[in-house]
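Written out below as structure tokens is the structure these notes cover.
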């Protein structure tokens, strides 16, 4: 029997799945940022035509997936599996969005790493021969997240300097076993890393050790150097978390300074948009991947990228009980090459 496992954490695809279609939708603030020209739909008031923030987030997922399927040239009936997740309790944004799609559904929770988790599971499923087509979707909404994790919006509490701004956005990709487009060649599945950070307003510090562990594991398992990749892109570490990542990987003998970028730093202008340490949320890396990153690959600017979404696996209850914040990071290798 063929083994597809490399080292301790990485799987190598024998028939790399292809990204057939991708799309994203974002809110008004994201549409005013540096990546505004890479988004498919920008909503004027963040409601997406819905009466509640939670319904708005479900609408975002439906809209992004519908556009991605149209671009891939497939119908919902041709998608074998849907892997989707968000930040809300019981993943209601994803499950409520999926109930109208009639696609076999896997609901996922990886916090802000969910887009990486969904793509990894979809890719492994297709490479294993269990289907011909799969979709991966993730979303977050600033207002629905604030309602759940922090204070009511009306309270207007002051945000700490280490805090990040939850992105209002959703991204979707449709993968196929054959076709034209960037390919998923490797997935490095993260392990839980918890260094004892208890401050829910400092998620960059909580997630950076997990990102460092996963990236180092990927490079070790594949035998690649950082400069094999045009970009190694983390999820939502923000300014502080990115600085910690570079220090931690340097201690392990890997210099990422020339190739590293972070979705949380790319999506907003920190000087003009008052987001403190940057962006966060499942929708951050999902919308950046399905916009800026894949467009750069399609244009031939980048040939190989390592997409590494990070997640802080905490909850309001655990935080109030004084629990520390476990971190996770999944790495997905994409290539335009053969």
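The values are calculated or read from the model by the stated rules, or taken from the named source; none is laboratory data. For clarity, every value in this text was computed on a predicted model and none was experimentally measured. Neighbour counts run over all protein chains shown; Cβ positions are idealised from the backbone, glycine included.
Of note:
Rundown of residues vs (1) surrounded by fewer than 24 Cβ atoms within 10 Å (Cβ to Cβ); (2) at pLDDT 95 or above; (3) out of contact with any helix residue (DSSP H, G or I) (no Cβ under 9 Å at 6 or more places or on another chain); (4) on the phi > 0 side of the Ramachandran plot, yes/no style:
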site	(1), (2), (3), (4)
61	no, yes, no, no
70	yes, yes, yes, no
80	yes, yes, no, no
83	no, yes, no, no
88	no, no, no, no
92	yes, no, no, no
97	no, no, no, no
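- Residue 56, sole failed condition from (1) within 30 Å of residue 333 (Cβ to Cβ); (2) at pLDDT below 95; (3) buried (at least 22 other Cβ atoms within 10 Å of the Cβ): (1)
- For region 33-53, the set of residues classified as surrounded by 14 or more Cβ atoms within 10 Å (Cβ to Cβ) and within 15 Å of residue 287 (Cβ to Cβ) consists of 33, 34, 35, 38, 39, 40, 41, 42, 43, 46, 48, listed by residue number.
- The residues listed here are 139, 157, 144; of these, the one that is over 30 Å from residue 298 (Cβ atoms), outside the structural domain of residue 269 (by TED's automatic domain parsing) and at pLDDT 80 or above is 144.
- Test for residue 211: is it assigned to a helix (DSSP H, G or I) and either in contact (Cβ under 8 Å) with a residue 12 or more places away in the chain or surrounded by 23 or more Cβ atoms within 10 Å (Cβ to Cβ) (or both): yes
- Residue in region 127-137 that is within 22 Å of residue 327 (Cβ to Cβ) and either touching a helix residue (DSSP H, G or I) at 6+ places or on another chain (Cβ under 7 Å) or in contact (Cβ under 8 Å) with a residue 40 or more places away in the chain (or both) present: yes
- Among the candidates 244, 248, the residue that is over 17 Å from the mean Cα position of the chain (by Cα), over 25 Å from residue 283 (Cβ atoms) and surrounded by 17 or more Cβ atoms within 10 Å (Cβ to Cβ) is uniquely 248.
- Candidates 286, 333, 318 - the one that is in a helix (DSSP H, G or I) and closer than 17 Å to residue 261 by Cα: 286
- Test: residue in region 3-21 that is more than 30 Å from residue 221 (Cα to Cα) and either in contact with a strand residue (DSSP E or B) (Cβ under 9 Å, 6 or more places away or on another chain) or not in a helix (DSSP H, G or I) (or both): no
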